[in-house]
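*Asks:* Next up is a structure, given as structure tokens.
Values in this text are rule-based calculations from the coordinates and carry no lab data. Predicted, not measured: the structure shown is a model, and the values here were computed from it. Virtual Cβ from ideal backbone geometry, glycine too; neighbours counted across all protein chains shown.
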């Protein structure tokens, strides 16, 4: 059986199965490969949908990841300059706000395992930043408190973290920072703690 031909490009006849016979394609640029202009129903609409689809790189979740990664890197650098790691800093800040917590309470506040908290607290005890003493009201509990050195370090760390926060949020005006803090706080409260292992961040006053 003889195939029908369809003119698809200047001076060339191309056999295009499925293209309506008897129609002549509009002339195209010589560099464009031969193809039938009748691409099938819905093809232009699908191209428009692909162009309109939101990109992953611009999604709020991905942007939050990038901002969080940058902030974490700067916070880690600030902590390392004082011979500390981020978890050390977090324990110091929590104890500065709430003195006399047990390790279990620290683990709950930070969303860490008891074993991880025990290691971090052990590091801070060895460095002289923290003490662990029996609770006089309940001898079964061991309370963790900052030493004088620990309070001094926590204050210095807090100032350093504030400077990093100012650096990260430099493009935002004060009102925008307030709105951002409110939005992030609401998101943190919304998250399922058991699934994400998060606690709402301490808000700076």
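*Asks:* What order do you get for 63-74, 146-157 when each peptide is scored by the mean count of other beta carbon atoms within 10 Å, highest first?
*Replies:* 146-157, 63-74
*Asks:* If you split all Cα-Cα distances of region 118-164 into 5 Å bins from zero, what percentages do you get per bin, shortest first?
*Replies:* For region 118-164, the pair-distance distribution reads 5, 21, 21, 20, 17, 9, 4, 3, 0.
*Asks:* Do you know the relative contact order of region 72-168, to the nearest whole percent, from alpha carbon pairs under 8 angstrom that are 6+ apart?
*Replies:* Relative contact order comes out at 32 percent.
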